[in-house]
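Okay, so here's the structure we're looking at.
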Amino acid sequence: MLHGQVGTRSPSQNSNNETLDECMVCSDLKRDTIFGPCGHIATCSLCSPRVKKCLICKDQVQSRTKIEECVVCSDKKAAVLFQPCGHMCACENCASLMKKCVQCRAVVELRTPFVMCCGGKASGNIPALQRDKDNTNINADVQKLQQQLQDIKKQTMCPVCLDRLKNMIFMCGHGTCQLCGDRMSECPICRKAIERRILLY
């Protein structure tokens, strides 16, 4: 069972996590062996030699590695798979601090938690799961905010000088800043004659 889960869980959620934790072959022991190259954890170390294809993705099993304790703190079992090297050598807390795999010194591009290696879904408390994906999401959010800022500027800035805020509206509904508006006889947007100018405060 994974530690540090937050909030109340229903019986079905508990049974799902217990199922993800137990060996898919014998159902007696806990899963503790990583299949290579897929990186899935489906069996205990006793059953793993009998498995030729991964029980989760059906890929050919080329290597079997038993999961040991975290090589950094030695307090918890290793629980995060580093990619691209494919090593699981650190617990969740220690793995979130690492930029390089402590086993092979390869740069860590992706961190996959134990539960996802078992075919489950990540919970919200697992740190730094996918750095690249997170960066992509952050970039997308920044672009979205920049676009929103541009839209706000278009709505509030004078369309003539693009320098001052709109504070004068014409009867057609369009507007400019007072300095530009005072000089015009027709609306710069729809070209209707300006009959009346209304100042906004």
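Once both labels are positioned 7 Å from their Cα atoms along Cα-to-Cβ, the gap between Cys172 and Cys26 label points is 8.3 nm.
Rounded to 0.05, the FRET efficiency of the Val107 and Leu165 pair, given R0 = 45 Å and the Cβ-Cβ distance, is 0.40. The mean sequence separation of alpha-carbon pairs under 8 Å and at least six residues apart, normalised by the residue count of the stretch 151-199, gives a relative contact order of 31 percent. Just so you know, the averaged projected area of the alpha carbon convex hull for the stretch 151-199 sits at 3.0 nm².
Put a plus charge on the Cβ of each Lys and Arg, a minus charge on the Cβ of each Asp and Glu, and nothing anywhere else: the dipole of the stretch 151-199 about its Cα centre is then about 40 debye.
The convex hull defined by the C-alpha atoms of the stretch 50-91 has an orientation-averaged projected area of 3.5 nm².
Coordinate-derived values only; no laboratory data. Only a predicted model underlies this, so the values are computations on that prediction, with no experimental measurement involved. Cβ coordinates were reconstructed from backbone atoms using ideal geometry, including for glycine residues, and neighbour counts include every protein chain displayed.
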